[in-house]
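Structure record follows, encoded as structure tokens.
The values are calculated or read from the model by the stated rules, or taken from the named source; none is laboratory data. Keep in mind it's a predicted model, so treat the numbers as computed, not measured. FYI the Cβ positions are ideal-geometry reconstructions off the backbone, even for glycines, and counts take in every protein chain you see. For the accessible areas, the whole protein counts, side chains as well, though only heavy atoms, and no ligand, DNA or RNA atoms are used. Shrake-Rupley method; radii C 1.70, N 1.55, O 1.52, S 1.80 Å.
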Amino acid sequence: MSALLQAKRDAAESRLAGLRLPEGGSAWAKAAREDALSRLRLSGLPGRRDEYWKYTDPTTLVTADAPGAAVFDGSDESPVFDGIDWVELVFVDGVFDADASDDPALAGVEIERLSTAMQADIHWARDLYGVLEARGQVPVERPLATLNTACATDGVVIRATGKAAKPVNLIYLHQDDASDAILHHVIKVESGAELTVLEKGPAAARFNKVMEVDVADGGTFHHVRTQGRDHERRAVTHVFARLGTESVFKSFTLTANGVLTRNEVVIELTGDDAVAHVAGAALGDGDFHHDDTVFITHDAERCESRQVFKKVLRNGATGVFQGKILVKPGAQKTDGYQISQSLLLDDDSQFLAKPELEIYADDVVCSHGSTSGAIDEEGLYYLRSRGIPEGPATDLLTLAFLAEAIDEIEDEALAEDIRGRLESWLSRRRG
Amino acid sequence: MLEIKNLHVKLEEEEKVILKGLDLTVEAGKVHAIMGPNGSGKSTLSYVLSGRDGYEVTDGSAELDGEDLLELEPEERAAAGLFLAFQYPVEIPGVGNMTFLRTALNAQRKARGEEEISAADFLKLIRAKAKDLQIDAEMLKRPVNVGFSGGEKKRNEILQMAMLEPKMCILDETDSGLDVDAMKLVAQGVNALRDAGRSFLVITHYQRLLDHIKPDVVHIMADGRIVKTGGPELALEVEQNGYADILAEVA
């Protein structure tokens, strides 16, 4: 065994030693955790020299002790998704708070707390928990997700069998400077059902979250999340999705600030004519580091996938994009699109992009592009010549740059909320 | 209204002097035209007055109603009442035409200490002005100048001018790239704005625009200076004989 692998395994052991592993649960739950545990002990945790972590240093995500993060006071701004009728489920430093949450029944879907579900024999949860995560380990290992499956202490399981009455809004509050949270959600959208899940908040000083989403034939899943202005927080999140025939999956993430955020999205298109869109807009300042890592596998015919990621960086901020489209043999008529762009507001900031296409079918359309650029000086002069001062004119051009990503949000009310949020963040940082 | 004295301008990046002691006074309510051969510095004059980067004023002054224009940022010049209709209007993907115009109008109002216009009043105003210029609702919604034809871009410039109601309007080769009908439409838009309190500086190569926008004074510019000033008949002279005679005469 190489010294490198040994170091990764040692890191895993050291991390596990610092965690209280969940106990109890039904036989399937125990088996799922044990399976993950043994996979983790084999793979170890990611290190600085892993190719998949070339642009993002995982050290602070894998250490036994979470680096602290001062609690951020965001009370001076209106809540995200304000005015949208949802069912909210509140987690404080990674622990579900039933008193602060709405009655889950109002969403018109089945919702259980993960710990409750793991005591019971809920077949659909059993068939998904750790299953999509394990499928997502090939061809690239994602050990932080495996750690999550083995050690998650809380989360929700949601099953929609029809059109959900309201979106489910997962609210992650951060109240303890040293909190280290591991949440795992399992979502099943049955055939023809429709569900929207919203997520917001920093969750903890360090946050590891996995969301497994299975969208059956003809199902529709929408996901919109915001990772707010809290700067010191660290997060690694994974979304694992499997899409059936004619199903739709759309996910959008807005991120502002955060010293370290790695958002991985792993999607398998397993049924014909499925649609998967993943988009993100990020605003970074100073020691901000934000990494979008996306892996989409086309394993059926006539599926469409889109990746649209935009980052605005300044004062030495770093943005990373690793995006891959894998078209398997037989996945004919695949329509794959990928764009990653950064707007660099100064010379100190950097954007690192690794777009990849791997295609084994001969009748497909796949395109990808990646650009880094500065504010368009001509456009800026034009706006200013009409009386718009430099700051607001720059904001206008910044919003225009991000527009393509925000346009991926299908629900216009949610998109408008995100635009408003961005405008207020931009004008705030102008001071 | 506009008073330019002994203006000397060079490019910031190179030792190239473009304006070499330009004097020009435009009185309130008047339309002045500037004609001149390529490379005489006409467009540079419009850029320097509106505050574009890349030029260095080495001598002279430019004042708008006694206010030193050269000290102001581009947006401050706009708020002070200066407007440049661009020769090549800039495309701004992702910014809707309406959003752009409302932001601009409100920014100018704010700079002058006036109240912002309400969304409803703005809509009423822009619809009326757009109609006169045959700009449809679709064009108002599209991103600024993106996918606009040459004629549409120039009409959009005039629409902005009509909405912002500046007191000093500079038109930089607004006739370039326009067919006869589009030029008439643009000229009508300009003529509708003529007013005792508003002045125009029309930069053009051709007499034909001046058939539709009748100037009070015509200047001939060459090598960074105004070399001859006269009435509308001067434009006709240029149309018939070109610049050679005039340049020879003043040389």
| Mind checking which residues of segment B:166-194 are touching an Asp or Glu at 6+ places or on another chain (Cβ under 9 Å), at pLDDT below 95 and open to solvent by 40 Å² or more (accessible area, probe 1.4 Å)? | B:Gln188, B:Ala192
| query | Regarding A:Gly319, is this residue without any contact (Cβ under 8 Å) to a residue 40 or more places away in the chain, within 14 Å of another protein chain (Cβ to nearest Cβ) and either surrounded by 17 or more Cβ atoms within 10 Å (Cβ to Cβ) or part of a strand (DSSP E or B) (or both)? | reply | no
| request: Mind telling me which of the residues A:Gln322, A:Gln307 ends up being in contact with a strand residue (DSSP E or B) (Cβ under 9 Å, 6 or more places away or on another chain), closer than 30 Å to A:Glu377 by Cβ, at pLDDT 95 or above and not acidic (Asp, Glu)? | output: A:Gln307
| task | Keeping to segment B:71-91, report how many residues are crowded, with 18+ Cβ neighbours inside 10 Å, out of contact with any Asp or Glu (no Cβ under 8 Å at 6 or more places or on another chain) and of a type in the set (A, V, I, L, M, F, W, C). | result | 4
| Does A:Lys333 meet the test of being of a type in the set (Lys, Arg), away from chain B (no Cβ under 14 Å) and either open to solvent by less than 60 Å² (accessible area, probe 1.4 Å) or assigned to a strand (DSSP E or B) (or both)? | no
| query | Inside segment A:385-431, can you point out the residues that are within 17 Å of B:Thr99 (Cα to Cα) and part of a loop (DSSP other than H, G, I, E, B)? | reply | A:Arg386, A:Gly387, A:Ile388, A:Pro389, A:Asp407
| field | strands (runs of 3 or more DSSP E) completely within segment A:35-141 that count 3 or more residues being open to solvent by less than 20 Å² (accessible area, probe 1.4 Å), at pLDDT 95 or above and under 23 Å from A:Glu212 (Cα atoms) | value | A:87-92
| field | Selection count where residues are in a strand (DSSP E or B), open to solvent by 10 Å² or more (accessible area, probe 1.4 Å) and out of contact with any helix residue (DSSP H, G or I) (no Cβ under 7 Å at 6 or more places or on another chain), scope segment A:180-206 | value | 4
| request: State whether the residues of segment A:350-364 include one that is within 14 Å of chain B (Cβ to nearest Cβ), open to solvent by less than 50 Å² (accessible area, probe 1.4 Å) and aromatic (Phe, Trp, Tyr). | output: no
| Could you list, in sequence order, the residues of segment A:391-403 that are farther than 17 Å from A:Leu344 by Cβ, more than 7 Å from chain B (Cβ to nearest Cβ) and either surrounded by fewer than 24 Cβ atoms within 10 Å (Cβ to Cβ) or β-branched (Val, Ile, Thr) (or both)? | A:Gly391
| query | Do any strands (runs of 3 or more DSSP E) lying entirely in segment B:1-67 carry at least 3 residues that are surrounded by fewer than 17 Cβ atoms within 10 Å (Cβ to Cβ), and which ones are they? | reply | B:2-11, B:17-26, B:55-64
| said: Which residue is nearest to the other protein chains (Cβ to nearest Cβ), if the candidates are limited to segment B:52-79 and must be touching a Leu at 6+ places or on another chain (Cβ under 7 Å) and within 26 Å of B:Ala187 (Cβ to Cβ)? | reply: B:Arg77
| What's the number of the condition B:Leu101 fails, among (1) of a type outside the set (Phe, Trp, Tyr); (2) crowded, with 22+ Cβ neighbours inside 10 Å; (3) touching a strand residue (DSSP E or B) at 6+ places or on another chain (Cβ under 6 Å); (4) within 9 Å of chain A (Cβ to nearest Cβ)? | (3)
| field | Among residues of segment A:284-297, those that are touching a residue at least 60 places away in the same chain (Cβ under 8 Å) and open to solvent by less than 20 Å² (accessible area, probe 1.4 Å), counted | value | 4
| query | From the list B:Val146, B:Val95, B:Val180, which one is within 30 Å of B:Leu24 (Cβ to Cβ) and either within 14 Å of chain A (Cβ to nearest Cβ) or hydrophobic (A, V, I, L, M, F, W, C) (or both)? | reply | B:Val180
| field | Per-region count, segment A:409-420, residues crowded, with 19+ Cβ neighbours inside 10 Å and either modelled with pLDDT under 95 or at the interface with another protein chain (Cβ under 10 Å from one of its Cβ atoms) (or both) | value | 3
| request: Specify the residue that is least open to solvent (accessible area, probe 1.4 Å); the eligible residues are those in segment B:136-165 that are aliphatic (A, V, I, L, M) and not in a helix (DSSP H, G or I). | output: B:Val144
| task | Assess whether A:Gln341 counts as being in a strand (DSSP E or B), open to solvent by less than 50 Å² (accessible area, probe 1.4 Å) and either within 13 Å of another protein chain (Cβ to nearest Cβ) or among the charged types (D, E, K, R) (or both). | result | yes
| request: Please find, within segment B:104-132, the residue that is modelled with the lowest pLDDT out of those that are facing another protein chain (nearest Cβ under 10 Å) and open to solvent by 90 Å² or more (accessible area, probe 1.4 Å). | output: B:Arg112
| request: Taking only segment A:365-390 into account, find how many residues are on the phi < 0 side of the Ramachandran plot and within 14 Å of chain B (Cβ to nearest Cβ). | output: 18
| query | What are the residues in segment A:245-283 that are open to solvent by 10 Å² or more (accessible area, probe 1.4 Å), in a loop (DSSP other than H, G, I, E, B) and not hydrophobic (A, V, I, L, M, F, W, C), if any? | reply | A:Thr245, A:Glu246, A:Asn257, A:Thr270, A:Asp272, A:Asp273
